[in-house]
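The values are calculated or read from the model by the stated rules, or taken from the named source; none is laboratory data. This structure is a prediction, so every number in the text was calculated from the model and none was measured. Neighbour counts are summed over all protein chains in view; Cβ atoms, including those assigned to glycine, are modelled from backbone coordinates with ideal geometry. Only protein heavy atoms, including side chains, enter the accessible area calculation; ligands, DNA and RNA are left aside. Shrake-Rupley method; radii C 1.70, N 1.55, O 1.52, S 1.80 Å.
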2 protein chains.
Amino acid sequence: MGKNTGAEAAGQGQAEAAGQGRAEAAGQGRAEAAGQGRAEAATKASAAGQGRRVTIREVADRAGVSIATVSRVLSGNYETPAATRARVLRAARELDYVANAHARALVGAGRKMVAVVVRQVTSPFYAQVAEGVEAEAATHGWLCLVAATGGDAQRELEIVQLMREEGARLVVLVGGVVEDDAYRERVAHYAQALDASGARLVLCGRPAPVPDIPALVVEFDNEAGAHAITSHLLSAGHRRIVFVGALSGNTALDARVAGYRAALAEHGLPAESAHVVDCGLGRSAGLRAMTALLKESGGAPDFTAVFAGDDMVAAGVLRAVADAGLRVPEDISVVGYNDVPLAEDFDPPLTTVRTPAEELGRAAVRLALRDPEHAAGTHHLLGTHIVVRDSVQPPPPGPALSDGGSPTA
Amino acid sequence: MGKNTGAEAAGQGQAEAAGQGRAEAAGQGRAEAAGQGRAEAATKASAAGQGRRVTIREVADRAGVSIATVSRVLSGNYETPAATRARVLRAARELDYVANAHARALVGAGRKMVAVVVRQVTSPFYAQVAEGVEAEAATHGWLCLVAATGGDAQRELEIVQLMREEGARLVVLVGGVVEDDAYRERVAHYAQALDASGARLVLCGRPAPVPDIPALVVEFDNEAGAHAITSHLLSAGHRRIVFVGALSGNTALDARVAGYRAALAEHGLPAESAHVVDCGLGRSAGLRAMTALLKESGGAPDFTAVFAGDDMVAAGVLRAVADAGLRVPEDISVVGYNDVPLAEDFDPPLTTVRTPAEELGRAAVRLALRDPEHAAGTHHLLGTHIVVRDSVQPPPPGPALSDGGSPTA
DNA sequence: CTGAAAGCGCTTACAG
DNA sequence: CTGAAAGCGCTTACAG
């Protein structure tokens, strides 16, 4: 509290001179505008004050030209004599005029706007994708709107509806999903509706739920990434690897599980050696599932490594292992997925699969904007790679290993 | 509004067979609509195909009523005979009509929209605040738009301009800032301009740069939080505490430094005992600064604890300490600020100050929406508290302690 | 070079 | 109960 008074006392001398004086000047500008309009404008102006925006009419009156001229000067699409131009710009500045985007959109092509729909903004992975979309959109001079569904289908539907109403030209749906019939229907509908109005749907980090819908798909090769990290574990000598954090039906997770199983099979391990814990995503899910797993085995786990469905699950797994008095990687190796920004600060630094999330977002926009006609229906796969840190080492000798597969690698 | 048609669209989807079938059916609906419109509509329809949205006119024609009736049925503000109502709804559904938000905004009050402006969405703290704003906005049926400035004043200005154009009724500027004259002027202008058009500006996590501007302020008591965590370090016996991650001129950081200094002074330590490293925020800044600090002291640091400007800086500090072969908290204690989601997963789990970021965002919206007239100009301070984890313990005996203050506490 | 006018897609008094 | 009409604030052919 003392800070405020302190800060103000310190910085306010300057503020007085600059900001405060500015505010007054601006206020005067408005008053002046109201009093100086012509007949018709003046009438409106009297009803002004709070809640009325300055319109092009007022700028025209003040500049002594028609609204057409103001429009032309401000949009900058026409040649205009310097004198007229100056008068208009001056009037606009004095009134602090900003065009009404709605009126403009109604007649023109509308604002170039892209909407990113994520489950939640606080998820580091989604945030990175959103940042990528935004960065790329900004590059092209487009506005980017980020919206969160909270995982609720109804809200997702409302958001897309909203985007259609607002005239978004590009809607990007981000992240893996559980594909049920309702979902397939919904997305097919989005794609069709957006396409019918000349807008575009991009599925980012998830496949097309039905073939031949007018949507662009950009996703990571989850199966390949999972295969690679599982192989990494296998080459370190692990044979009993548990996958914690599956989410049955979810496109991204199912693909990772598939990659995990494929790697196991390729190394000659029987299908039964796969152990998938379907506990879903999130730190707390990982913590809970791993705690249970450790408890079941009564201190002598029958596995030597854990493949966490994503880095947040890995965080929970790490905590559970520590809480059980075990060490990573000495007793149990752990790998994650995504390489979230703080994964290198985990204890120990996490070995994981780097999915260039921001690039995924950028690619979504770039591809959709390039050759719009042809983009729909294409499917792009982005590569990933392993980031080796300190959470993996060869399994310890002991019962866990002995009852695993053949320790040949 | 969209709610009506949206729900209906969903309902219809289920009625239809499956995703794919749905898409086809919808496609037919469009074709049918084009071919079945009346004279004028038919003309337009021929130019249709890609890029044309269905309008209220077409719905009216198909339902055999006037556009006024369609408007009334869809907006749901008027009583309508069931028969008419059914015909209109049916037509709207068949054409998959969504109202043009711009046209609607032009005549009506406009969509209730709040914009959150943050530095970047990938910062966990900002993301949490944004999520709070969004959650609270959703509660009130408002749309929430998240935009990022990347720390660029020009972009911030453009975003606010954009929000004015779009008719946002609430603009929330999030996070501490470096207050220079240009900034003060800018914000005073935003406040005035927004206020003049009946919109509202909320400064969230930063003070008002000039007194008496029409803006609502909601922020944390940074000085109190910093004072508390510094005292925590002092009570553990630390006397040589370095503040790493100051950002001179930044409102939030200056307040934290002030709280740090105040706590030191209250414990009877001389002003010189304060050591502030002005390296700015971010993990890499913390890593770099701490590495340099450790290097300077050649293995025998003249401090026993570090107060990191925020948790990301703390992550960098932790890494630097580990890289130098020292341990936290045995050799050096470290505390952060904000209690970012993964702070408990740091090595060791970080003792820090919990700033309820989501609540800050919620409060911003709640306060702005409640009693709008009176809200402007008020200033709210939210409390914080210390979260004790494992990164602090009494300082080790040795040179660092001996040349500190008197070890009495 | 610049106005007057039409029209974008809606909503809402105003009259039946 | 429901149409015809005015009007929201712009842009853009269309005529000077």
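Results, tabulated for the structure shown:
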{"item": "Failed condition for A:E373, given (1) in a helix (DSSP H, G or I); (2) modelled with pLDDT of 95 or more", "result": "(2)"}
{"item": "Residue in segment B:177-191 that is farthest from B:A105 (Cα to Cα), counting only those that are within 11 Å of chain A (Cβ to nearest Cβ) and crowded, with 23+ Cβ neighbours inside 10 Å", "result": "B:R184"}
{"item": "Some residue of segment A:89-103 being open to solvent by 70 Å² or more (accessible area, probe 1.4 Å) and at pLDDT 90 or above", "result": "yes"}
{"item": "Filter result for the condition that a residue is within 13 Å of DNA strand C (Cβ to nearest atom) and either surrounded by 15 or more Cβ atoms within 10 Å (Cβ to Cβ) or at pLDDT below 75 (or both), over A:R72, A:R30", "result": "A:R72"}
{"item": "Close pairs (7 angstrom Cβ cut-off, 6 or more residues apart or separate chains): away from every other protein chain (no Cβ under 12 Å) and touching a residue at least 40 places away in the same chain (Cβ under 8 Å) in segment B:87-103, of a type in the set (V, I, T) and within 13 Å of DNA strand C (Cβ to nearest atom) anywhere", "result": "B:L89/B:V73; B:A92/B:T5; B:A92/B:V59"}
{"item": "Check on A:E165, surrounded by fewer than 24 Cβ atoms within 10 Å (Cβ to Cβ) and more than 7 Å from chain B (Cβ to nearest Cβ)", "result": "no"}
{"item": "Selection within segment B:277-295 - in a loop (DSSP other than H, G, I, E, B) and surrounded by 22 or more Cβ atoms within 10 Å (Cβ to Cβ)", "result": "B:C279, B:L281"}
{"item": "Qualifying residue in segment A:198-214 (condition: outside the structural domain of A:A271 (by TED's automatic domain parsing), part of a helix (DSSP H, G or I) and in contact with a helix residue (DSSP H, G or I) (Cβ under 9 Å, 6 or more places away or on another chain))", "result": "no"}
{"item": "Residues being crowded, with 23+ Cβ neighbours inside 10 Å and more than 14 Å from every other protein chain (Cβ to nearest Cβ) - total across segment B:50-60", "result": "1"}
{"item": "Among (1) of a type in the set (D, E, K, R); (2) more than 7 Å from chain B (Cβ to nearest Cβ); (3) farther than 28 Å from A:R283 by Cα, the one test that A:D152 misses", "result": "(3)"}
{"item": "Residue identified as under 30 Å from A:S123 (Cα atoms) and more than 11 Å from every other protein chain (Cβ to nearest Cβ) among B:L350, B:L360", "result": "B:L360"}
{"item": "Top-ranked residue in segment A:105-133 [being touching a His at 6+ places or on another chain (Cβ under 8 Å) and of a type outside the set (A, V, I, L, M, F, W, C); ranked as most open to solvent (accessible area, probe 1.4 Å)]", "result": "A:K112"}
{"item": "Filter pass, A:L173 being within 14 Å of DNA strand D (Cβ to nearest atom) and either more than 20 Å from A:V217 (Cβ to Cβ) or open to solvent by less than 70 Å² (accessible area, probe 1.4 Å) (or both)", "result": "no"}
{"item": "Residue in segment A:158-181 that is at positive phi and part of a loop (DSSP other than H, G, I, E, B) present", "result": "yes"}
{"item": "Residue that is most open to solvent (accessible area, probe 1.4 Å), among those in segment B:384-404 that are part of a loop (DSSP other than H, G, I, E, B) and at pLDDT below 95", "result": "B:P397"}
{"item": "Those residues of segment A:88-131 which are part of a strand (DSSP E or B) and under 18 Å from A:R169 (Cβ atoms), in sequence order", "result": "A:M113, A:V114, A:A115, A:V116, A:V117"}
{"item": "Test: residue in segment B:227-237 that is within 11 Å of another protein chain (Cβ to nearest Cβ) and farther than 30 Å from B:A196 by Cβ", "result": "yes"}
{"item": "Subset of segment A:192-206 (residues that are facing chain B (nearest Cβ under 7 Å) and out of contact with any Asp or Glu (no Cβ under 6 Å at 6 or more places or on another chain))", "result": "A:Q192, A:A196, A:S197, A:G198"}
{"item": "First in segment A:56-85 and part of a loop (DSSP other than H, G, I, E, B), second anywhere and more than 8 Å from DNA strand D (Cβ to nearest atom) and open to solvent by less than 60 Å² (accessible area, probe 1.4 Å), Cβ under 6 Å, 6 or more apart", "result": "A:S66/A:A60; A:T80/A:V73"}
{"item": "Subset of segment A:256-269 [touching a residue at least 40 places away in the same chain (Cβ under 8 Å) and either in a helix (DSSP H, G or I) or open to solvent by 30 Å² or more (accessible area, probe 1.4 Å) (or both)]", "result": "A:R256, A:Y260, A:H267, A:G268"}
{"item": "Residue that is least open to solvent (accessible area, probe 1.4 Å) [pool: residues in segment A:345-369 that are out of contact with any strand residue (DSSP E or B) (no Cβ under 8 Å at 6 or more places or on another chain) and charged (D, E, K, R)]", "result": "A:D345"}
{"item": "Check on A:Y126, closer than 24 Å to B:G108 by Cα and more than 12 Å from DNA strand C (Cβ to nearest atom)", "result": "no"}
